[in-house]
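Written below as C-alpha cells is the structure these notes are about.
Rule-based calculations on the coordinates, nothing more; no lab input. Since the structure is predicted, the reported quantities are computational estimates derived from the model, not experimental observations. Methodologically, a virtual Cβ is constructed for each residue, glycine included, from the backbone with ideal geometry; neighbour enumeration extends over all protein chains shown.
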Amino acid sequence: MTANAAAAAEPTSDQVLARVLESLDDDKAEDIVQIDLRGRSSIADHMVICSGRSSRQVGAIAEKLVERLKEDFGRTCKIEGKDQGDWVLIDAADVIVHVFRPEVREFYQLEKMWMPAGSQV
C-alpha cells in the first residue's frame, strides 16, 4: 500500500464527527452538542456531548456508536463507564464523545467548561 492509499483510507476528523452525529441521531440521543476543539486542545479535534433518557439507553447509544465506527472506519475506540450507564466516554481518537443521563450531565456541566466564552448552551 502506498503512502497516498494509506492516507486515503484514514478518515478525517470531520468524517468521523459526521458518522458520530449520524449514529447518535439514529439512536435517539438527546440534546446533542458538538464543540470544535481545533486550536484549543491537543486531546481531539471535536467533542460531542449528548444525553440518553436512561442508563440502559446511554449504554446502548455508546455500544452502537463503537460498533459503527469499527465497522465503517476500522477504528477501535476506547470506552469508559458503560457498565454504570451514567456517563460513558468514547475516545474515537480525533473525536471524544460523552453520553450522559440528563441528571449527571446537569451536575457536571461539561459544555460550560469547553464552549467558547459568550456561547449559549
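What full-extension length gain, to one decimal in nm, is calculated for residue 106 and residue 89 as 0.36 nm per residue of separation minus the Cα-Cα distance?
So the extension gain works out to 4.5 nm.
Please give, to one decimal in nm, the separation of the simple spin-label points placed at residue 115 and residue 38, each 7 Å out from Cα toward the Cβ.
2.2 nm
Cβ neighbours within 10 Å, averaged per peptide: list 48-56, 106-114 in order, most packed at the top.
For the peptides 48-56, 106-114, the packing ranking is 48-56, 106-114.
What percent do you get for the relative contact order of the chain when only Cα pairs under 8 Å and 6+ apart count?
Rounded, it is 24 percent for the chain.
At residue 30 and residue 63, where each label point lies 7 Å from the Cα along Cα→Cβ, what is the point-to-point distance in nanometres?
About 2.1 nm, to one decimal.
Multiply the residue separation of residue 76 and residue 9 by 0.36 nm, subtract the distance between their alpha-carbon atoms, and state the gained length in nm to one decimal.
Gain on extension, residue 76 to residue 9, equals 22.6 nm.
Just need the Rg to Rh number for the chain, please, alpha carbons only, Kirkwood Rh.
Ratio value, two decimals: 0.99.
Arranged by the count of other C-beta atoms within 10 angstrom, fewest first, what order do 26, 83 take?
Ascending Cβ contact count within 10 Å gives the list 83, 26.
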